[in-house]
Amino acid sequence: LVKPAGRVLASFAAFSQRALSTLVLAEHKDGALLPNTLHTLTAAKQLGGPVTVLVAGGVGSTTAVAAAASKADGVTAVLTAEHSCLAHSLAEPAAGLLGAVQRSRKYTHVLAPSSTLGRNVLPRAAALLDVQAVADVVEVRDERTFVRPIYAGNALATVQAVGEGVRMLTVRPTAFAPSATGGGSASVEPVSPEEMQAARDAAGASQWVGEEVCKSDRPELGQARVVVSGGRALKSAENFSALLDPIADKLGAAVGASRAAVDAGYAPNDLQASVGQTGKVVAPDLYIAIGISGAIQHVAGMSSSKVIVAINSDADAPIFQIADYGLVGDLFKVLPQLAAELSPN
Ligand code: FAD
């Protein structure tokens, strides 16, 4: 988009004169506010100005979520939208609602977690509002300047929004600490009938068919404090489970995998276990990479982990360049010893 310099400067001035206010699209499941919303709230607070949370869902699904959101630190208001068309976070009605709420209430910023929901809904709402969304924000420099990873996380781009339109951002939850909960007392009110109508009008383009969710006693990969991840070197699904499960069980860890291990069928794809550019982005306290070479596409999904441990038979494997602790050795010998040494969780 090319604009004469004078007009861009005028746009900046017009935007900076507007009082800042931010809308955060909440993500929730089974009546609970998901942690990635609390991480997104921290980014919202860094922008300055009041923060409103929009809780959209099926009939009867938003009450407990809205109550939790109203108690989150820094939240000034909570909007609820309940309708059967919003029950399964289908992108079209959710984006229609988000666009209508923005059109009527004119926030300066609209944020969503960089999750399946946020990535699905926020760019559609941005298109409806005729603005460009900024994806995967990892740092807020000021109200129009944001940092986001590019080239699979190998470089960080500082981008600046121009024009007077609303700033629409998806936020990487792992880059922001969670906002505290329990102390706030924000107001809770439903969206207007006109805003609700926009969701209904947008419904019907897609239809909810069903979902098959794998049950696991292990923590969810994206939320786990410890992740034990296996690579192609495990050589089979039997080895993958026989060698990694005892360690994950003893550490109370989630099990992750490289894309190569998933593609080879060693790690079940139905567990959504792949970590990296095309998988999940994780930032646990401890990430143990076992028989994983450290390809850039894998590192893009785990390099923000607080402590990285790598076990690899090749001392020159790239994973050792980012590991805090490295063990050069054959995983088939090392893992049984490690499992035996670890005390039960
Ligand atoms: P390899 O690269 O084969 O590494 C195996 C490692 O195991 C080697 O370092 C080897 O030294 C070590 N090893 C072998 N035997 C033993 C042993 N007995 N004991 C200990 N160590 C041993 N990959 C992802 O992971 N996530 C992604 O999201 C992703 N997205 C991609 C997107 C694109 C567009 C492309 C092109 C690729 C993507 N990849 C992704 C694939 C990525 O490039 C690598 O191919 C993949 O990460 C390699 O997986 P790996 O480390 O398990 O296997």
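The values are calculated or read from the model by the stated rules, or taken from the named source; none is laboratory data. Worth saying up front: this structure is predicted, and the values here are computed from it rather than measured. FYI the Cβ positions are ideal-geometry reconstructions off the backbone, even for glycines, and counts take in every protein chain you see. Areas reflect the complete protein model, heavy atoms only, side chains present, ligands, DNA and RNA absent. Shrake-Rupley method; radii C 1.70, N 1.55, O 1.52, S 1.80 Å.
Every residue, every condition in (1) within 8 Å of the ligand (Cβ to nearest atom); (2) closer than 21 Å to PRO173 by Cβ, yes or no:
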residue: SER229; (1), (2): no, yes
residue: LEU243; (1), (2): no, no
residue: VAL255; (1), (2): no, yes
residue: ALA264; (1), (2): no, no
residue: ASP285; (1), (2): no, yes
residue: HIS298; (1), (2): yes, yes
residue: SER304; (1), (2): no, yes
residue: ILE311; (1), (2): yes, no
residue: ASP324; (1), (2): no, no
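The residue that is surrounded by the most Cβ atoms within 10 Å (Cβ to Cβ), among those in region 235-251 that are among the aliphatic types (A, V, I, L, M) and more than 14 Å from ASP217 (Cα to Cα), is LEU244. With respect to being surrounded by 23 or more Cβ atoms within 10 Å (Cβ to Cβ) and in contact with a helix residue (DSSP H, G or I) (Cβ under 6 Å, 6 or more places away or on another chain), ALA66 falls outside the description.
Scanning region 122-137 for residues that are over 13 Å from ALA100 (Cα atoms) and open to solvent by less than 30 Å² (accessible area, probe 1.4 Å) returns ALA133, VAL134, ASP136, VAL137. PRO173 passes every criterion in (1) farther than 18 Å from VAL51 by Cβ; (2) in contact with a Pro (Cβ under 6 Å, 6 or more places away or on another chain) apart from (1). Hey, does region 87-105 have a residue that's assigned to a strand (DSSP E or B) and open to solvent by less than 10 Å² (accessible area, probe 1.4 Å)? Within region 87-105, not a single residue is assigned to a strand (DSSP E or B) and open to solvent by less than 10 Å² (accessible area, probe 1.4 Å). Restricting region 159-208 to residues that are of a type in the set (Ser, Thr, Tyr), touching a strand residue (DSSP E or B) at 6+ places or on another chain (Cβ under 8 Å) and open to solvent by 40 Å² or more (accessible area, probe 1.4 Å), the residue that is farthest from VAL110 (Cα to Cα) is THR181.
As a summary of the residue check, SER229 satisfies the conditions (1) in contact with a Phe, Trp or Tyr (Cβ under 8 Å, 6 or more places away or on another chain); (2) surrounded by fewer than 23 Cβ atoms within 10 Å (Cβ to Cβ) except for the one numbered (2). Within region 34-76, take every residue that is touching a Phe, Trp or Tyr at 6+ places or on another chain (Cβ under 9 Å) and of a type in the set (Gly, Ala, Ser) and give me the one that is modelled with the highest pLDDT. Applying the filter and picking the extreme gives ALA43.
Residues in region 139-158 that are on the phi > 0 side of the Ramachandran plot and crowded, with 16+ Cβ neighbours inside 10 Å: ALA152, GLY153. Cβ-Cβ distances below 8 Å connect the following pairs, each with a first residue in region 302-314 that is within 13 Å of VAL227 (Cβ to Cβ) and open to solvent by 10 Å² or more (accessible area, probe 1.4 Å), a second residue that is more than 14 Å from the ligand (Cβ to nearest atom) and of a type in the set (S, T, N, Q), and a separation of six or more residues or different chains: SER304/THR174. Of the residues screened, GLY276 is one that is closer than 22 Å to PHE176 by Cα and within 11 Å of the ligand (Cβ to nearest atom). Out of the residues in region 69-86 that are in contact with a Lys or Arg (Cβ under 8 Å, 6 or more places away or on another chain) and more than 24 Å from HIS39 (Cβ to Cβ), which is most open to solvent (accessible area, probe 1.4 Å)? Step by step, filter region 69-86, then rank; the result is HIS83. Please go through region 313-322 and give me each residue that is among the small types (Gly, Ala, Ser) and more than 8 Å from the ligand (Cβ to nearest atom), ordered by number. Within region 313-322, ALA315 is the sole residue that qualifies.
Do any strands (runs of 3 or more DSSP E) lying entirely in region 124-214 carry at least 3 residues that are at pLDDT 90 or above and within 29 Å of SER84 (Cα to Cα), and which ones are they? The strands (runs of 3 or more DSSP E) meeting that bar are 167-171, 187-190.
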